[in-house]
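Here the structure comes first, spelled out in structure tokens, and everything after it is commentary.
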Amino acid sequence: MQERYDLASAKINNDLLRFAFNTPMWFWVAAIGLGLVFGAALVCFGLMLIFGLTLLGYTNMQMWAILITNFVFWVGISHAGVMISAILRLTQAEWRRPVTRAAEVLTVFALATAATFPLIHTGRPWRVPYWVFPYDFSRGIFPDVRSALIWDPSAIFTYLSSSAMFIYIALIPDLAVARDKATGWRRQFYGLLALGFRGTKRQWKLQIIAGILLSGLILPVFVSVHSIVSWDFAMALTPGWHSTVFPPYFVIGAVHSGVSAVATLMAILRWVFHLEDYITPDHFDALGRLLIVVVNTWLFFFMMDMYFGLAGREASEIAVWELRIFTYPFNIIFPLFVVTGYIIPMSFWLFKKVRRNIKIMFWTSIVANVGMWLERYIVIVPPVSNKRPFTFDWLPNYHIQPIELILVAGSFALVSLGVLLFAKFFPIIPMFDIKEGQVLKQEVQVGRVRVPAVIRE
């Protein structure tokens, strides 16, 4: 059962293609603003190429910090597309329809942004091809194919290409509609991308089968990508990282941050593009109920990680947790991430009235992702700080630098700009999915009342 409005096909076409065919002034303001923030991050990257990674405050011990925190964070956000689109498509969840494409677009741009941070972190990105591909036949120096650092590029490239294909397959019917409504260069542009789609029975059959097959095939990639990211840490011998619970812990954390990001994005789309007829409180209620399950599962694996670290009674593991919980500045960040990542959002999401309040869902989803970013920082930085030989020498040499904060802001600007540009050229809500939902929409008698439902044969 789901609340929905009666929408004519022509109204759906006009509403969802309005932004693609018209350019309001606020678009240029937003695009230029985001472009300036991203440009500042590019300038910082150029300074790093000239002066080296010492601009980030790194030492010979503290090598992983904000850049790798951002990498893990954005890979986590990228799990939104598969969780919302593939899984809910296979389970035929009706409330997925206006949410799927925005989640998939967020996946592509978040994953592309995540992939830039390991390149930046190398300090010499022009040498990356030499490290990824076996080439050195004279010196006999080859990458270790057993390393998770080698698996990462393969997994991320597979996930990125399959997600882009997933978007394009579902976009073809909408491109055909845009082609038929457009004139001038837009008609040629959409006609080229529509691949001659005319809506025949065979074309619809192939399109639907391709969507289902991609949904099923992408699920193993969905699990493997963040598992491999966790193995970057878990396969090391560093105390605080060497844990068998990391793969499921990272995957469920990725789902938590990804679905929260989808809730944020859907609220913004509803307000900016006036999509009240398509994105309803029902959708935020469904996202909130999904997040209740996800956030409690994440809390379980977080507690398991802590238990595994403390129950073994290894001095080095206990020292890492002492750093995380009792040592400045982590003793401030740790409770802050617990409060923002779990306590605040969970306290709100338990109530239906709150889940159906779009403003509260918007802010709680942002708070949840603040907590998840801090959680990645807590996971990554303290274990590396623990590598110094004397306990009184832990932590003094690394502090977050302004250039790192600019790179963080630049990553958010890049993802936001990518989603904005996609919405400018293509419908951000799948038109054919909305129309299919209108065809399947029915009302059924339950007791003395008639309620909205979907009837399937």
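Laboratory data are not the source of any read-out in this text; all were calculated from the coordinates shown. These figures come from a predicted structure and were not determined experimentally. Virtual Cβ from ideal backbone geometry, glycine too; neighbours counted across all protein chains shown.
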For region 275-394, what does the alpha-carbon gyration tensor say about shape, rounded, prolate or oblate, given a ≥ b ≥ c as the root eigenvalues, a/c under 1.5 as rounded, and a/b over b/c as prolate? prolate
For region 267-314, give the magnitude of the charge dipole about the Cα centre (Cβ charges: +1 Lys/Arg, -1 Asp/Glu; no others), in debye to the nearest 20. 180
Counting Lys +1, Arg +1, Asp -1, Glu -1, what net charge surrounds Ser85 among other residues with beta carbon under 13 Å of its beta carbon? +2
Pairwise FRET efficiency - Ile208 versus Phe21, Cβ, R0 = 25 Å, nearest 0.05: 0.35
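How much of the calculated P(r) for the chain lies past 34 Å, in percent of all Cα pairs? The partial results should precede the final answer.
Numbers: 38898 of 104196 pairs.
Cα-Cα pairs of the chain separated by over 34 Å account for 37 percent.
For the chain, what does the helix formula give at 222 nm: sum of -39500 (n - 2.57) over DSSP H segments with n ≥ 4, over the residue count, nearest 500 deg cm²/dmol?
Using -39500 (n - 2.57) per qualifying helix, the result is -23000 deg cm²/dmol.
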Within 10 Å of each residue's Cβ, count the other Cβ atoms and sort Thr91, Thr364, Thr116 from fewest upward. Thr91, Thr116, Thr364
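What is the Cα convex hull volume of region 223-275 when expressed per residue in Å³? The partial results should precede the final answer.
On the way: hull volume 4.5 nm³, N = 53.
Hull volume over Cα atoms, normalised by residue count, gives 84 Å³.
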I need Trp126, Trp271 ordered by Cβ neighbour count within 10 Å, fewest first. Trp126, Trp271
Over the C-alpha atoms of region 66-118, what are the Rg and the largest Cα-to-Cα span, Dmax, in Å? 12.5, 39
Gyration tensor verdict on region 192-281 (Cα atoms; rounded if a/c is under 1.5, prolate if a/b is larger than b/c, oblate otherwise): oblate
Given 5 Å bins starting at zero, what is the percent of C-alpha pairs of region 26-79 in each, up to the one with the largest pair distance? 4, 15, 15, 20, 20, 15, 7, 3, 1, 0
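Listing Asp6, Asp305 from the residue with the fewest other Cβ atoms within 10 Å to the one with the most, what is the order? Numbers along the way, then the final one.
Working: Asp6 8, Asp305 20.
With the sparsest Cβ surroundings first, the list reads Asp6, Asp305.
Report Rg/Rh for region 149-240, rounded to two decimals, where Rg is the Cα radius of gyration and Rh the Kirkwood radius. Present the calculation step by step, with values, prior to reporting the outcome.
Numbers: Rg = 19.0 Å, Rh = 15.7 Å.
That ratio is 1.21, to two decimals.
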Which of the lysines could a cross-linker span from Lys424 if the Cα-Cα distance has to be under 27 Å and same-chain partners fewer than 8 positions apart are dropped? Lys11, Lys181, Lys359, Lys435
From the Cα gyration tensor of region 1-117, with a ≥ b ≥ c the square roots of its eigenvalues, which class applies: rounded if a/c is under 1.5, or else prolate if a/b is larger than b/c, or else oblate? oblate
Kirkwood Rh, Cα Rg: Rg to Rh for region 329-369? 1.08
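Equivalent-ellipsoid semi-axes (√(5λ), Cα gyration tensor) for region 142-199, whole Å, largest first? Mind dumping the intermediate values first?
Details: eigenvalues 300, 22, 10 Å².
For region 142-199, the ellipsoid semi-axes come out as 39, 11, 7 Å.
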Testing the spin-label approximation: label points 7 Å from Cα along Cα→Cβ at Leu310 and Val449. State their distance in nm. 4.7
